[in-house]
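Working notes for the structure below.
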Amino acid sequence: MAFLSLSVALYGFAVALASHPVHASSAPALYERTLTAIQGTYNTTFVCIVTSKAHARSLLPDVYQDALLPVNATLYPGLSEDEHPIVLELGRESNAGPPGLGILSFQEAKVEVPLVRRVSDSDVPFLYKRQAHVHTFN
C-alpha cells in the first residue's frame, strides 16, 4: 500500500511540474547558487607539443586507437599528415572548488590529447586527459 501511495504522489508531482514550464530566465544566476558555485583561483599554462600520430595514439586507450580526428590546418599550421598535437597543462589551484568543502590548494600537471573522436558516429572533438598529477601543499 505504501508503494501505491508513493507512486500516486510521484505521479501528482510529475503532473504539477509538467503544468508549470520552467524557463532559463527563471533560473537563479550562478552567483546566487552558492552551494553549487565553483570558487577560487586557477592559474595555468598550456603548452602545445607536436608529436607523431603513432606517439599520440600510444597515449590513448585501446578503444580510441583509431579515433584521432584530422588536424585543422588553420588551428595548427605547419603540421604534416603524420603529426598530431599534444597539450601539457601545468597549473595551480588555490582554494578552488565548491564552498564549504575545505579543498586545499594544489599544483597539477596534465598530459592531454586533443582532437579525439569520443563517439564513433560523431566528429565532435574530445580532449582526452591521459594523466593528471596532483601535488597538495598548505
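Under a crude label model (7 Å from the Cα following the beta-carbon direction), how far is residue 105 from residue 58 in nanometres?
3.7 nm
Given the alpha-carbon gyration tensor of region 39-135, what are the semi-axes of its equivalent ellipsoid in whole angstrom, ordered largest first, with each equal to the square root of 5 times an eigenvalue?
After diagonalising the Cα gyration tensor, the semi-axes are 30, 15, 12 Å.
Using the Karplus curve 6.51 cos²θ - 1.76 cosθ + 1.60 with θ = phi - 60°, what ³J(HN,Hα) values do you get for each residue of region 48-61, in whole Hz, with x for Gly and Pro?
9, 10, 9, 9, 6, 4, 4, 5, 4, 4, 5, 8, 9, x
Round to a whole angstrom and tell me the spacing of the C-alpha centers of region 107-138 and region 32-100.
Value for the Cα centre distance between the two parts: 5 Å.
Between residue 120 and residue 134, what length in nm is gained on full extension when 0.36 nm per residue of separation is reduced by their alpha carbon distance?
Full extension of this stretch gives 1.9 nm more.
Quick note: the coordinates plus some simple rules give every number you see, no bench work behind them. Remember, predicted model here, so these are calculated numbers, not experimental data. Every residue, glycine among them, receives a Cβ derived from its backbone with ideal geometry; neighbour counts consider all protein chains shown.
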